[in-house]
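The values are calculated or read from the model by the stated rules, or taken from the named source; none is laboratory data. For clarity, every value in this text was computed on a predicted model and none was experimentally measured. Here the Cβ is made from the backbone with ideal geometry for all residues, glycine too, and neighbour counts use every protein chain on show.
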Amino acid sequence: MTPVEVCQGDSPIVLGMPHTGTHVPAEIAADLNGRGQGLDDTDWHIHRLYDGLLPGATTVRATFHRYVVDANRDPSGVSLYPGQNTTGLVPLTDFDGQDIWTTAPDTAATEARRSAFHAPYHSALLAELKRVRDLHGVAILYDCHSIRSRIPFLFDGTLPDFNIGTNLGATCDPQIERAVQQICSDAEGYSSTTNGRFKGGWTTRRYGRPETGVHAIQMELAQSTYLTDEAAPWSYDAIKAARLRPHLGNILNTLAELALTLGGKS
């Protein structure tokens, strides 16, 4: 299986999906314990949730699981959230702080995974951002994520439904952040926050360079908004998703319109 799937489009929007993959090579799966083999920390069904919301959007999707190597972590191993509980480039625990390996990867294994999986994903993502920027004069990376709404190891209480991350406004034009905030705050029955517990992962922070014409924003959705239960078997709830998808579509279409203004090209 290839480590990354790319679907090219002609829109100024690129959807990044680093955590929807569930592929774990057999030799790596053999080293996971029973808890790790459950793959609980997947961004379950995110590619299905966003499918078809913006015709022409480019999608870059990792097929490998984040336990193999996390495509949204700094390859140097530097923490995104110093002083807070989080997981690393190759997670040693799950989001509940529980061990996931019978035999944890050593430094050499981690580097091999970075080279075989993490690097190809980001090479593909960078190539698509450059291609789209060349077409439109601007590219907007919308990084798609989801997570359980209650994870005491990572954050207190219940997570809002929409969690917008722009690294405190550094990764995109202010118009982009404001537009997404407005749509989320206007979404009846949903809660939202900006740059709360999730300020944008390594992907958003690395590629979001507004001065170069590449903007990035992360959306971390509470999985309660579209899953039947936030537990195995992690079933997609078509009724919940049908209620949520119009808001996500509104976000993507609004960003596509904004991009044309920011890029100065039609």
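Mind listing whichever residues of segment 152-180 are among the charged types (D, E, K, R), in a loop (DSSP other than H, G, I, E, B) and at pLDDT 95 or above? Result: ASP161, ASP173. Of the residues ARG243, ARG206, the single one that is under 14 Å from the mean Cα position of the chain (by Cα) and over 17 Å from GLU177 (Cβ atoms) is ARG206. Looking at ALA222, is it of a type in the set (A, V, I, L, M), under 20 Å from the mean Cα position of the chain (by Cα) and either loosely packed, with under 15 Cβ neighbours inside 10 Å or within 30 Å of ASP96 (Cβ to Cβ) (or both)? Taking the combined requirement at face value, the residue satisfies it.
Selection of first residues in segment 106-133 that are within 18 Å of ALA57 (Cα to Cα) and of second residues that are part of a helix (DSSP H, G or I), restricted to Cβ pairs under 7 Å at least 6 apart or on distinct chains, gives the following pairs, ordered by first then second residue: LEU129/TYR207.
The single condition among (1) without any contact (Cβ under 8 Å) to a residue 24 or more places away in the chain; (2) touching a helix residue (DSSP H, G or I) at 6+ places or on another chain (Cβ under 7 Å) that THR58 does not meet is (1).
Could you say which residue among ASP41, ASP51, ASP10 is modelled with pLDDT of 95 or more, out of contact with any helix residue (DSSP H, G or I) (no Cβ under 6 Å at 6 or more places or on another chain) and buried (at least 17 other Cβ atoms within 10 Å of the Cβ)?
Working: ASP51 fails: buried (at least 17 other Cβ atoms within 10 Å of the Cβ); ASP10 fails: buried (at least 17 other Cβ atoms within 10 Å of the Cβ).
Every option except ASP41 fails the conditions.
Looking only at segment 142-151, how many residues end up being in a loop (DSSP other than H, G, I, E, B) and small (Gly, Ala, Ser)? The qualifying residues number 1. Looking only at residues in segment 94-139 that are among the β-branched types (Val, Ile, Thr) and surrounded by 19 or more Cβ atoms within 10 Å (Cβ to Cβ), the one that is farthest from GLY34 (Cα to Cα) is VAL138. Taking the condition modelled with pLDDT of 95 or more, among the small types (Gly, Ala, Ser) and on the phi > 0 side of the Ramachandran plot, does GLY36 pass? In short, no. Pairs meeting the criteria (first residue in segment 240-259 and surrounded by fewer than 16 Cβ atoms within 10 Å (Cβ to Cβ) and at pLDDT below 95, second residue in a helix (DSSP H, G or I) and among the charged types (D, E, K, R), beta carbons under 7 Å, at least 6 apart or on different chains) are lacking.
Looking only at residues in segment 225-239 that are free of Cβ contacts under 8 Å to residues at least 60 places away in the same chain and either closer than 30 Å to ARG178 by Cβ or charged (D, E, K, R) (or both), the one that is surrounded by the most Cβ atoms within 10 Å (Cβ to Cβ) is ASP237. Among the residues of segment 114-151, those that are under 30 Å from THR225 (Cα atoms) and either of a type in the set (Gly, Ala, Ser) or modelled with pLDDT under 95 (or both) comprise ALA124, ALA139, SER146, SER149. Taken together, the residues in segment 209-266 that are of a type in the set (A, V, I, L, M), within 22 Å of THR42 (Cα to Cα) and not in a helix (DSSP H, G or I) amount to 8.
Condition check ((1) under 19 Å from SER146 (Cα atoms); (2) under 14 Å from the mean Cα position of the chain (by Cα)) across all residues:
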| residue | (1), (2) |
| --- | --- |
| ASN33 | no, no |
| ASP41 | yes, yes |
| TRP44 | yes, yes |
| HIS47 | yes, yes |
| GLY52 | yes, no |
| THR59 | yes, yes |
| ARG66 | yes, yes |
| ASP70 | yes, yes |
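For segment 181-208, the set of residues classified as assigned to a helix (DSSP H, G or I) and touching a Cys at 6+ places or on another chain (Cβ under 9 Å) consists of THR204 only.
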